[in-house]
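Below is one structure, written out as structure tokens; the observations come after it.
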Amino acid sequence: MDVALAIFNIGVGLGVLAVGGALVYLAWRTTPLIRESRALAADLRRLTRAADAELRPILASTRELTGNVEELSEDVAVKLDRLSDLMNALQQGLERGTITVAAGRPERLPVESRETQGDASDQ
């Protein structure tokens, strides 16, 4: 029985030694993988900082543009309301007969853009 116990203990010792050796071998083989993982993590941090630095001005410009779009859409809404009022007044005038439509081509009036109106008022 002592011989069997001794053989068992020797077998267990050799097994533990083999497992320890395998763990050391695996650790030695995974060292480059660990180094690469750390390098990738550093690259990811650098990329995140660069993306953050690039996106901040873009987001600021986007906020400014959305503010301008909101202002312009309010402007368009006011002008559409005015146009609707003018169209309603024209329709009512035509129905009452206070406005007549002449046959023929109307004269073309010069159309001034905002830029030319601003230039004329500045002088």
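The values are calculated or read from the model by the stated rules, or taken from the named source; none is laboratory data. Predicted model, so just to flag it, every value in this text is computed and none were measured. Here the Cβ positions follow ideal geometry from the backbone for every residue, glycine too, while neighbour counts run over all protein chains shown. Side chains included, ligands, DNA and RNA excluded: accessible areas come from the protein's heavy atoms. Shrake-Rupley method; radii C 1.70, N 1.55, O 1.52, S 1.80 Å.
Residue-level analysis places ILE7 among those that are among the β-branched types (Val, Ile, Thr), surrounded by 10 or more Cβ atoms within 10 Å (Cβ to Cβ) and without any contact (Cβ under 8 Å) to a residue 60 or more places away in the chain.
Yes or no: the stretch 107-120 includes at least one residue that is part of a helix (DSSP H, G or I), out of contact with any helix residue (DSSP H, G or I) (no Cβ under 8 Å at 6 or more places or on another chain), open to solvent by less than 80 Å² (accessible area, probe 1.4 Å) and at pLDDT 90 or above. No, the conditions are met nowhere in the stretch 107-120.
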